[in-house]
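Note sheet for the following structure.
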Amino acid sequence: QVPLVESGGGLVQAGGSLRLSCAASGRIFSDYAMGWFRQAPGKDREFIAARRWPTNYYADSVKGRFTISRDNAKNTLYLQMNSLKPEDTAVYYCAAAAGYSSDYKSPNEYDYWGQGTQVTVSS
């Protein structure tokens, strides 16, 4: 069983919204910190947001526009993305980290990754 499966990507105009979902196994969802990253062509993987109860962590570039949340009954992590900009275009990844961190911003802290979902924002 694949630990993490993202969905919800697509094409949207600038200023629009999308909600990404990440389905996880119950063990991972309850015991791990969950995060979102993105990677644009030719760029490094970039931290967006993470959550380990009771704290949410956000990159400055998305603070106020993106919201991370979870539905424990569905073992699903969400990323609500509002006021999207062309520079938000990237492949978005869900990830799970077993360890503890001060900010969960480094990809090296994560143990499991989803396959990624493409988000394209047109100008």
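Results, tabulated for the structure shown:
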| read-out | value |
| --- | --- |
| Subset of region 30-44 (residues that are more than 14 Å from A97 (Cβ to Cβ) and either open to solvent by less than 10 Å² (accessible area, probe 1.4 Å) or of a type in the set (K, R) (or both)) | R38, K43 |
| Any hit, region 14-29, residues being surrounded by 13 or more Cβ atoms within 10 Å (Cβ to Cβ), of a type in the set (V, I, T) and under 17 Å from T67 (Cβ atoms) | no |
| Index of the failed condition, N82 passing every other in (1) surrounded by fewer than 19 Cβ atoms within 10 Å (Cβ to Cβ); (2) of a type outside the set (K, R); (3) touching a Cys at 6+ places or on another chain (Cβ under 8 Å) | (3) |
| Residue in region 75-86 that is of a type outside the set (V, I, T) and at pLDDT below 95 present | yes |
| Strands (runs of 3 or more DSSP E) enclosed by region 1-82 - at least 1 residues per element that are under 15 Å from C94 (Cβ atoms) | 4-7, 18-24, 33-39, 46-52, 55-58, 66-71, 76-81 |
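The values are calculated or read from the model by the stated rules, or taken from the named source; none is laboratory data. The model shown is predicted, which means the values in this text are computed figures rather than measured ones. Positions of Cβ are backbone-derived with ideal geometry, glycine not excepted, and every protein chain shown enters the neighbour counts. Areas reflect the complete protein model, heavy atoms only, side chains present, ligands, DNA and RNA absent. Shrake-Rupley method; radii C 1.70, N 1.55, O 1.52, S 1.80 Å.
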